[in-house]
Structures are given as C-alpha cells and as structure tokens.
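To start, the structure itself, in structure tokens.
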Amino acid sequence: MITARAHTNIALLKYWGKKDSELILPYNDSISLTLDQFYTDTSVEFSQHLKKDEISVDEKPLTGSGLTRAKRVLDLVRGQAQIHTAARVYSTNHVPTSAGLASSASAFAALAAASAKAAGLTLDKRALSILARHGSGSASRSIFGGFVHWHAGTDNQSSYAESIQSKVDWDINLITVLINTNEKKVSSTNGMQSVVKTSPFFPAWVKAAQADVAPMTEAILNKNLAKLGTLAEENAMRMHATTFGADPSFTYFQPQTLAILNTVRNLREQGVKCYSTVDAGPNVKVICAKADNELLLTQLAKIVGHDALSICNPGPGVTYL
Ligand code: DP6
C-alpha cells in the first residue's frame, strides 16, 4: 500500500477551456501557487484478490464522473506498468468542513503519484504531471510546490507542468474568503465547456491569458507582489467575463463576492497591496503580504465574519508518506 499527499493550488493565470477534452489539453498556459492548508492523502494498492477497482473518498464509495476519471488514471498506470490487477484506493481530503474549497487538483495529483508507485513505476515529476492531468487539468500543477507553470502543449507529451519557484522565500500569502451560497454549482468542467462553445469573449480570453504568461513569470522571479497581484486579478476578471458572455449567460459571483472584490479594490486605493482572484465558485482568495494580514482579516470579517477566513501560505509538491 502506497500513500501520497498532494496539496491544492490556486491559479494566478487560469486554465479555462479545453482544446481536447479526452486528453485534457487546455487552450492556454496557466500559472499557479500550491497552498499549504488544503491537501489530499491517497493510498493505493493493486491486488490479485480484487475483482474490480474499489475507490473511496472520505469513506464513501466514489461514483459518477469522479469514478470515471479515477479509473482513467488507474488504467493509464496499468497500461504503463503492464499489469491487469484491480486497485483499492482510499482517499481523504483535508479541508475545513464545508469549506467549499475541496479540489480535484490535490485529489488527482495524489492519486497519480500513489498509483504509479503502487504499480511499481518510477515516474519523474513531468510524467506524474501528465498522468494527473488525465484526472483533472488543474491536478497537473499540484505535483509541484510553490509557483508552477502548466504548458498547454499540443499533444499528450507536451502538456505538462513544471516548477517556476519551488521554495517561496519571499513575503506572499493569501486569505481565502468563504462565501455561503445555496445556488446550484456549475462545475468547472461544465462552465468551461459552455464558454468554449458559446461565449464570443472566449478567444479574447485565451489571447489575453497567454500574453500574461511571460510577465507573470517575471513578476514571480522578481518577487514583485504588486505586479503579480495586478496580473492575477485582471486574469480572474477576464475569465469571469467569459461566463457573462455565454449562452445561456451565467456567473459564479454572489453579492458577497462583489462586496469582497470592492473592499479589496478600496483598500488597494488606500495603499494596501491586496489583490483578488476567484475560481469557478463564489469564494474569493485575496493575495497579499503577511504584514497586511491583520488589517485585511479585520476588514474582510466585516462582510463574511471571522470563521469564513483562513490564511494560506505557499505549500509543497507531492510527497510519499
Ligand atoms: C477555474 O481542473 O477543475 O479552477 O480539468 O475539467 O477537471 P477539469 O477542470 P478543473 O478546472 C479548474 C478551473 C479553475 C482555474 C484553474 O485552476 O486553473
């Protein structure tokens, strides 16, 4: 039995649209920061005694598209290892209860690493990133710690993530702001599929995101928080603009999402270096320097309360336990 741990990541330049949905090849490169707070532990064993794969997540049997994706990863591993045995998989997500931050990124990165090793394969991180990508696009980045670049590529072998800066030795962290919602969630998979098909803003989004890859990399290497944050916030707003342009139109924003975005903008006008990013949901992540955490926590708590806030630091890549 092999156990791997992978942390979730937040995209500073987002992946939003598949060029090839079988292989999960994105339209544009993306850049992320792996976080220390939220992670998944996954144990895998291949056993002659099993008739079929047994996969559980948080002690419940996995079903639906999650199951299909997990089997896809296991089948790729079996193919590479030339084995035909079924696998037993236990996966546990370590995210604050009902945080709404559970991520397929940490889950599939941990599954890729644990299943490859359990099957006797010795894969380097690039090969693990390619494998994890078949479970969920964003998982390709969670193989690495710190700042990570996923190259869109043009085929299976050229679409992988690599490290930009694995040890983050400068002052950057983020505050996750949980926003409660009873709205039915549009999954990232469905949301991006809809904008690719119907949003006239989609081509402009791809072009703008791709153009920001070099400046974002430079901002990271220069440890330039203001530049990094500005690029990240612009990128997130452009991604969400594609949803407003879709047919039918949709948005992940909730009233409190907009309230947080405004507060962050106002504080920035007052000289605080803070920047927002939002994924396929209502929650906001505020990128800032540690020195401003207290001030930001106080201001953000006025909108969502203290319990909805947590601080995340840069986190490590996948490890074996
Ligand atoms: C908005 O990786 O969850 O978080 O490949 O369909 O599983 P699938 O999508 P997923 O999409 C993540 C979208 C995003 C941006 C990002 O993480 O880059």
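The values are calculated or read from the model by the stated rules, or taken from the named source; none is laboratory data. Computed from a predicted model, the values in this text were never measured in an experiment. All Cβ positions, glycine included, derive from the backbone under ideal geometry; neighbour counts span all protein chains shown. What goes into the accessible areas is simple: the full protein's heavy atoms, side chains included, and nothing from ligands, DNA or RNA. Shrake-Rupley method; radii C 1.70, N 1.55, O 1.52, S 1.80 Å.
Looking at the structure I just gave you, is ALA246 open to solvent by less than 20 Å² (accessible area, probe 1.4 Å) and among the aliphatic types (A, V, I, L, M)? Outline the logic, then answer.
Numbers: open to solvent by less than 20 Å² (accessible area, probe 1.4 Å): yes; among the aliphatic types (A, V, I, L, M): yes.
Yes: the conditions hold for ALA246.
Pairs needed: first member in region 164-183, without any contact (Cβ under 8 Å) to a residue 60 or more places away in the chain; second member anywhere, part of a loop (DSSP other than H, G, I, E, B) and open to solvent by less than 70 Å² (accessible area, probe 1.4 Å); C-beta distance under 7 Å; at least 6 residues apart or different chains.
Close Cβ pairs satisfying both conditions: GLN165/GLY146; LYS167/GLY146.
Please indicate, with yes or no, whether at least one residue in region 13-27 is closer than 30 Å to MET237 by Cα and away from the ligand (no atom under 16 Å from the Cβ).
There is no residue in region 13-27 that is closer than 30 Å to MET237 by Cα and away from the ligand (no atom under 16 Å from the Cβ).
Within the bounds of region 269-279, is there any residue that is surrounded by fewer than 20 Cβ atoms within 10 Å (Cβ to Cβ), among the hydrophobic types (A, V, I, L, M, F, W, C) and more than 22 Å from LEU33 (Cα to Cα)?
No, region 269-279 has no match at all.
Here is a check on your reading of the model: is PHE38 over 26 Å from GLY145 (Cβ atoms) and buried (at least 21 other Cβ atoms within 10 Å of the Cβ)?
It is false that PHE38 is over 26 Å from GLY145 (Cβ atoms) and buried (at least 21 other Cβ atoms within 10 Å of the Cβ).
Can you name every one of the strands (runs of 3 or more DSSP E) wholly within region 98-210 that holds 1 or more residues which are of a type in the set (D, E, K, R)?
So the answer is 161-165.
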